[in-house]
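Only one structure is covered here, and it is reproduced in the block below.
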Amino acid sequence: MSAPRFAAEPSRATSSIILIAAAVLFLLPIVAMLEFSFRQGQRVDGVQNYGPQHWQGVFDPANSFKYQGLLEGIGNSLLICLLTVVIVLVLLLPVMILVELRFPKLRRVLEFICIIPITIPAIVLVVGYVPVYGVVAQIFGSVPWTIAFAAGIIVLPYAYRPIAANMAGVELTVLSEASRSLGAGWGRTLFSVILPNLRRGILASCFITIAVVLGEYTIAAFLAQNTFQTALVLINHTDSYVSVIFAVLALLFGFVLLLVIGRVGAVGTRRERRTRRTA
Amino acid sequence: MTALAEQTAPAVTDRGVGGSTTRLRRRGPAWLGLAPFGVYVLLFLAVPAILAVTSGFADNEGRFTFANFAALADPNILQGLWASIWISAVTAIIGGVIGALICYALLAMKPDGAVRSIVDSASSVLAQFGGVMLAFAFIATIGANGLITSLLKDWGWIENPLNSFNGGGVMIYQIPGLVVVYLYFQIPLMVLTFLPALQGLKGTWAEANATLGGTRLQYWLRIGGPVLLPAFLGSLILLFANSFSSYATAAALVSQGGIVPLAIRQQLTSETVLGVSNVAGVLALVMVIVMVVLMTAYAALQRRTGRWQNGGRS
C-alpha cells in the first residue's frame, strides 16, 4: 500500500497466495486418485508400497474379460455421443440457422426452450422418461443407443450456447443475402457461406456435447442401460482401482477436449482479426 | 449450469433487415423446417416434463388425486427436503465466497496471460466434473482409505473426522459430507459465472475514486461492491440451483435417501409396478417449483447486472 494505487486489484503477493492455495486444494483429489491407482498391497504401519500393477492390469488384454462390461459401456457411450452429436447437427443447428435468418422473432422462444433442461434437472426428467422410454422400447427395443434421445435434450443448453455466441458475431443475414443476390442457391449459401462461418461454434458445441454425454449417469442408471458411467459404478464395487484409473483417464480426456475447444476458438479469432485488418 | 449464465445475458439485438421478398415467398416451407426439432422437443422434453410433474396428481389407476401429497408430511421426506436446501445454501455461500476470492485474485493477473487462461480452462473442466467420477476422486482423497485419511492415521489421529464423522463412519458417505465434495464443482462454477462481472468493473471508476481521495476499502464498499452485488447474488442462486439439482455424485456416495434427488431414487426403485411412481412425481414437482423460483430470481438479477455492463468492458 506504499505507492498510490489507482487500481482495485489486489497486490501480486496476495493474489499469488490465494491462487496457489486454490491450486493446491484443487489438485489434491487428482493427486490422491493417482496415488490411489499406483498403490500396491495394503498399507502396513504407515508404509505404502507403490507400483504400476493396476495400470498394467487395465491395459493387459488378458484381463479384458474382467472389464468386458466396462468396455461395452464405453462403446455404448461413444455410440450415444455420436448419435447425440447427430441430433445437435441435424435437429438443433438447422433450426438455429432458420430462426436467425427467417424467424428472428422466435429467437427468444428457441433460447428459452434450450434453457429449460437446466431448470428441469435430469433426476426430474427421469421420472417422465421412465414411461416415455416404455414406448421407445416398444419401437426400438430396450437398447443403449436410445439414450441419445434423452441425451440430446440434456445437452441442449450446452450445445446451444457456442453456436449462438458464434452467430452473434457473424452477420448471417447480410452474408446470406449477399450470397443469394450473387446468384447462389440456398444449398450453396448454406454449405459455402453459413456453415463455414459457424464452424467454430459448431465444433465447440460438438465437443461440449461429447463431454456432457460421456459424463451422463442419471438417465442411463434409471433406464438400466450400460454406459461408461453406470459401468464405472458397477466395477467400483468389485475393483475400485480400475474405476479410479478410468476416472483419471476421463478427466484427462476432458482436459484434452477443452484444450481442443480452446485452440479451435483461438484459430477462429486469429483468422477473424486478420480478415478484419485486410477488410 | 454454466451455459445458462451466458444465455440469459441480454439478447443480441436484431441485425440486418431481412430480404422481405424471399421471406414472403418461402414462408410456408420454412415453417416446415422448424417441425422436426419441434416434434423432438415435444416428445422428449415437453412430454416427459409434463408426465413427471403431473404423475404426482395420479393414483395407481391413473385417476386424479391429491393423496400423494401426503408424502410431504412424511418426516423422512421433509428431512430430505431440508437437507437439500441447507446443503445447497451452504455450498452456494462457501463456494460463492471462495470463488469470488479467486476471481479477485485473478484481477492482478494479466487478462490474456497464462494464469488466467489456465484458471479459465480448469474451471470449465472442473465445473463439469460432477457425477460419479467426482465421487471416486473424493473416495481416494478422504474416503476410508483415502490419501488424507491414511496420512492422518499415520500421524496418530486414528479416529479423525474423516473416518468417524458424527458417529456414523466415513464422512463422505454421509449427507453433510456432500458439502465438501460439492464445493469441488461449485467453486469453479462461481469463477466461471462471476469473473465476467468482475472484469466488467471499469478501471476509470477506480481512478475516479482515487482522484477524489477514496481508499481501496471505500472503492469496494461504495463502488465495486454495490455494482457487483446483483451479479454476486445471481451467481449464488445459480450455485444453489446447481447443487439442488445434482444427483449422480450423491448417488455414488450415499446408498440411502437423505436429499430430494436420492428420495426420488428410492421412490422409483422401490416401485414394484413398472411405470410412474406417484410420490416421485410429487418430489419432482417440488424440485421444479424450487428451480423455477430460483431461475426467475436469477433472470431478474441478471437484468440488473446487465445495466452496468452495457457500456462495454475496459
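Things worth noting here:
- Checked across the range B:25-38, the condition of being over 19 Å from A:THR84 (Cα atoms), open to solvent by less than 80 Å² (accessible area, probe 1.4 Å), charged (D, E, K, R) and modelled with pLDDT under 90 holds for no residue.
- Hey, B:ASP59 modelled with pLDDT under 90, open to solvent by less than 50 Å² (accessible area, probe 1.4 Å) and among the charged types (D, E, K, R) or not: yes
- Selected residue (only one of B:LEU189, B:LEU221, B:LEU236 is assigned to a helix (DSSP H, G or I), open to solvent by 20 Å² or more (accessible area, probe 1.4 Å) and at pLDDT 90 or above): B:LEU236
- For beta carbons closer than 7 Å, sequence separation of 6+ or different chains, a first residue in the range B:113-136 that is more than 7 Å from chain A (Cβ to nearest Cβ) and closer than 15 Å to B:ILE102 by Cα and a second that is β-branched (Val, Ile, Thr) and in a helix (DSSP H, G or I), the qualifying pairs are B:VAL119/B:VAL191; B:SER123/B:VAL191; B:ALA127/B:THR2.
- When the range A:216-252 is filtered for residues that are free of Cβ contacts under 8 Å to residues at least 24 places away in the same chain, farther than 13 Å from A:VAL58 by Cβ and at the interface with another protein chain (Cβ under 8 Å from one of its Cβ atoms), the ones remaining, listed by number, are A:TYR217, A:ALA221, A:VAL233, A:ASN236.
- Against the test of being hydrophobic (A, V, I, L, M, F, W, C) and touching a Leu at 6+ places or on another chain (Cβ under 8 Å), the options A:PHE65, A:PHE112, A:PHE26 yield a single qualifying residue, A:PHE26.
- The set of residues from the range B:163-175 being open to solvent by 20 Å² or more (accessible area, probe 1.4 Å), touching a residue at least 24 places away in the same chain (Cβ under 8 Å) and assigned to a helix (DSSP H, G or I) comprises B:MET171, B:TYR173, B:ILE175.
- Selection status of A:ILE116, facing chain B (nearest Cβ under 7 Å), crowded, with 20+ Cβ neighbours inside 10 Å and closer than 30 Å to A:MET167 by Cβ: no
- For the range B:256-269, taking the residues that are among the polar types (S, T, N, Q) and either within 9 Å of another protein chain (Cβ to nearest Cβ) or in contact (Cβ under 8 Å) with a residue 40 or more places away in the chain (or both), the one that is nearest to B:VAL53 (Cα to Cα) is identified as B:GLN267.
- Among (1) over 30 Å from B:VAL279 (Cβ atoms); (2) part of a helix (DSSP H, G or I); (3) open to solvent by 40 Å² or more (accessible area, probe 1.4 Å) - the single one B:TRP82 does not satisfy: (1)
- Some residue of the range A:127-138 being over 26 Å from B:TRP31 (Cα atoms), open to solvent by less than 40 Å² (accessible area, probe 1.4 Å) and more than 10 Å from chain B (Cβ to nearest Cβ): yes
- Qualifying residue in the range A:16-32 (condition: in contact (Cβ under 8 Å) with a residue 12 or more places away in the chain and either open to solvent by less than 30 Å² (accessible area, probe 1.4 Å) or in a helix (DSSP H, G or I) (or both)): yes
The values are calculated or read from the model by the stated rules, or taken from the named source; none is laboratory data. Just so you know, these numbers come straight off a predicted model, no measurement behind them. Virtual Cβ from ideal backbone geometry, glycine too; neighbours counted across all protein chains shown. Surface accessibility is based on the protein's heavy atoms, side chains included, excluding ligands, DNA and RNA. Shrake-Rupley method; radii C 1.70, N 1.55, O 1.52, S 1.80 Å.
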